[in-house]
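> This structure is in structure tokens; I'll ask about it shortly.
The values are calculated or read from the model by the stated rules, or taken from the named source; none is laboratory data. All values reported here derive from a predicted model rather than from experimental measurement. Every residue, glycine among them, receives a Cβ derived from its backbone with ideal geometry; neighbour counts consider all protein chains shown.
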Amino acid sequence: MLPRHIAALLALSVVPTLALAQDFNRRPSFGTVNLSANFAPDPTTVNVTAGGTLPAERLGGSQCLGSIANAPDVRLNYRAGQGLPLYLSAASRADVTLVVNLPDGTWACNDDFQGTDPGLIFRRPQSGQYDIWIGHYDRGSRVPAQLRISEVPPN
């Protein structure tokens, strides 16, 4: 039998995980995009409002920065193929971050890929659902941003 203080700590560590598990299953705030390899137009863009009150590291781990909304900003259903990479990036006048839950349940995050704009390149992308958040450093503040989805990564 576990000592009472260890059992209490274990119980506390489970509660946030259960509460957060429902967040990325919520309906995305700015819609769902369905794309297959060799899509057009390329890039496909979605205007969003970045930021929120949830620290990104609570969902994606310590490599994820900024504050994000509870629900994903955008859900991408992607069918990979033809050996094409997948490039996700965000642009804003503010310093924003990118937090992505991949089809296999792992997380990918980026802060500064080109200047202060974040970006992620998946050389062999998975087919499936990508839940995407665009974060912002000023917790609780929301800023205009644009998500860009492309199969042509920058040089």
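> Being closer than 14 Å to residue 48 by Cβ and either surrounded by fewer than 18 Cβ atoms within 10 Å (Cβ to Cβ) or of a type in the set (A, V, I, L, M, F, W, C) (or both) is the filter here, so list the residues in region 84-121 that pass it.
Selection gives 88, 90, 91, 93, 94, 96, 98, 99, 100.
For (1) over 16 Å from residue 133 (Cβ atoms); (2) in contact with a Phe, Trp or Tyr (Cβ under 9 Å, 6 or more places away or on another chain); (3) modelled with pLDDT of 95 or more; (4) basic (Lys, Arg), each residue gets a yes or a no:
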{"residue": "75", "(1), (2), (3), (4)": "no, yes, yes, yes"}
{"residue": "80", "(1), (2), (3), (4)": "yes, yes, yes, no"}
{"residue": "85", "(1), (2), (3), (4)": "yes, yes, yes, no"}
{"residue": "88", "(1), (2), (3), (4)": "no, yes, yes, no"}
{"residue": "103", "(1), (2), (3), (4)": "no, yes, yes, no"}
{"residue": "108", "(1), (2), (3), (4)": "no, yes, yes, no"}
{"residue": "114", "(1), (2), (3), (4)": "yes, no, no, no"}
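> Also: Which members of region 97-149 meet the condition of being closer than 18 Å to residue 81 by Cα and either small (Gly, Ala, Ser) or not in a strand (DSSP E or B) (or both)?
Correct list: 102, 103, 104, 123, 124, 125, 126, 127, 128.
> Pull up region 13-39, narrow it to residues that are at pLDDT below 95, among the polar types (S, T, N, Q) and outside any loop (DSSP other than H, G, I, E, B), then point me to the one that is nearest to residue 150 (Cα to Cα).
Restricting to residues being at pLDDT below 95, among the polar types (S, T, N, Q) and outside any loop (DSSP other than H, G, I, E, B), the top hit is 25.
> Within region 118-134, does at least one residue satisfy the condition of being touching a Lys or Arg at 6+ places or on another chain (Cβ under 9 Å) and free of Cβ contacts under 8 Å to residues at least 40 places away in the same chain?
The answer is yes; a qualifying residue exists.
> Condition first: in a loop (DSSP other than H, G, I, E, B) and surrounded by 18 or more Cβ atoms within 10 Å (Cβ to Cβ). Now tell me which residues in region 40-83 satisfy that.
Keep residues of region 40-83 that are in a loop (DSSP other than H, G, I, E, B), which gives 40-43, 51-53, 56, 61-66, 69-73, 80-83.
Within region 40-83, 51, 52, 56, 64, 65, 66, 69, 71, 72, 73, 80 meet the criteria.
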